[in-house]
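Computed from the coordinates by the stated procedures, all read-outs in this text should not be read as laboratory data. Keep in mind the model is a prediction, meaning the values are calculated, not measured. Positions of Cβ are backbone-derived with ideal geometry, glycine not excepted, and every protein chain shown enters the neighbour counts.
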Amino acid sequence: MEQQHSLLFDHLSFQRQQDENGTVVLHTNVKSEHLQDEGTVNSGLFSIMLDTAIGTVIAKTLDGFGVTIQLSVNIFDNTKKDYFVCKASVKHDNANIAYGEGTVFDPEGNIAANGQASFKVISLKK
């Protein structure tokens, strides 16, 4: 079965890697369009990676899809690197709301950013 995702996913060169024990793993190679004028990584890349990874793990875990209610992002190092990897997992869920956390790592395994998000869950079960 082919994996479904958005055009934005393709545009930002996101690749979903093999999940690890209930964790969604997202990878992107840094391209010139991800950079600010001074050459650092735009904070929006980290925000979109975290929102996408957390939303994906919630959708996968709860057999539905999520609508972002709240997203909080902390950026620790936006220095340009060759790529970033984001790992996200569900921390709490109930019938309507789910909460997850994610971390963005640079190639050396250092934390570049982290985030937390709450999602309204829309079930696909009938």
Quiz item: Using θ = phi - 60° and the Karplus curve 6.51 cos²θ - 1.76 cosθ + 1.60, what whole-Hz ³J(HN,Hα) does each residue of segment 99-107 get, with Gly and Pro shown as x?
Solution: 10, x, 10, x, 9, 9, 10, 8, x
Quiz item: Among Val121, Asn29, Ser72, whose Cα lies farthest out toward the positive end of the dipole of the chain, if unit charges sit on the beta carbon of Lys, Arg (+1) and Asp, Glu (-1)?
Solution: Val121
Quiz prompt | Rounded FRET efficiency, nearest 0.05, which uses the C-beta distance separating Thr40 from Asp19 and R0 of 22 Å | solution = 0.15
Practice problem: Using amide H atoms built 1.01 Å from N in the peptide plane, name the residues 5+ places from Gly64, or on other chains, whose amide H lies under 5 Å from its own. | Solution: Leu124
Quiz item: From the backbone phi of segment 49-59, what are the Karplus-calculated ³J(HN,Hα) couplings (6.51 cos²θ - 1.76 cosθ + 1.60, θ = phi - 60°) in whole Hz, Gly and Pro given as x?
Solution: 4, 5, 4, 5, 5, 5, x, 5, 5, 5, 4
Self-check item: Mean separation of Cα contacts under 8 Å (6+ apart) over length of segment 7-123, as relative contact order %
Solution: 27
Self-check item: Answer label, with percent of Cα pairs over 18 Å apart calculated from the coordinates and candidates [x] 60; [y] 55; [z] 50
Solution: [z]
Quiz item: In the Gaussian network model of the chain, springs joining C-alpha atoms below 10 Å, which of Asp51, Asp19, Asp106 carries the largest mean-square fluctuation?
Solution: Asp19
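Would you calculate, for the chain, the mean residue ellipticity at 222 nm contributed by helices, counting each DSSP H stretch of 4 or more residues as -39,500 (n - 2.57) and dividing by all residues, to the nearest 500? The partial results should precede the final answer.
On the way: 2 runs with 25 residues, N = 126.
One gets -6000 deg cm²/dmol as the mean residue ellipticity at 222 nm.
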Quiz item: Which of Lys87/Lys125; Lys91/Lys125; Lys87/Lys120; Lys31/Lys60 have a Cα-Cα distance over 24 Å?
Solution: Lys87/Lys125; Lys31/Lys60
Quiz prompt | Nonlocal amide H pairs with Lys80, under 5 Å, H built at 1.01 Å | solution = Val41
Quiz item: Taking θ as phi - 60°, what are the ³J(HN,Hα) couplings along segment 79-93 by the Karplus curve (6.51, -1.76, 1.60), each to the nearest whole Hz, with x for Gly and Pro?
Solution: 5, 4, 10, 5, 7, 9, 10, 10, 10, 9, 8, 7, 10, 7, 8
Exercise. Counting only DSSP beta bridges with both residues in the chain, tell me the antiparallel percent, nearest 5.
Key: 100
Exercise. About the Cα centre of the chain, how large is the charge dipole given +1 on each Lys and Arg Cβ and -1 on each Asp and Glu Cβ? Please answer in debye to the nearest 20.
Key: 500
Self-check item: Span from the segment 34-60 Cα centroid across to the segment 66-107 one, whole angstrom
Solution: 8
Quiz item: Normalised by the residues of segment 49-103, what does the relative contact order come to in percent, with Cα pairs under 8 Å and at least six apart?
Solution: 41
Self-check item: Amide H contacts under 5 Å for Val30, placed H, 5+ residues apart
Solution: Tyr83, Phe84
Quiz item: Efficiency by 1/(1 + (r/R0)^6): what FRET value for Glu108 and Asp63, r their Cβ-Cβ distance, R0 = 35 Å, to the nearest 0.05?
Solution: 0.45
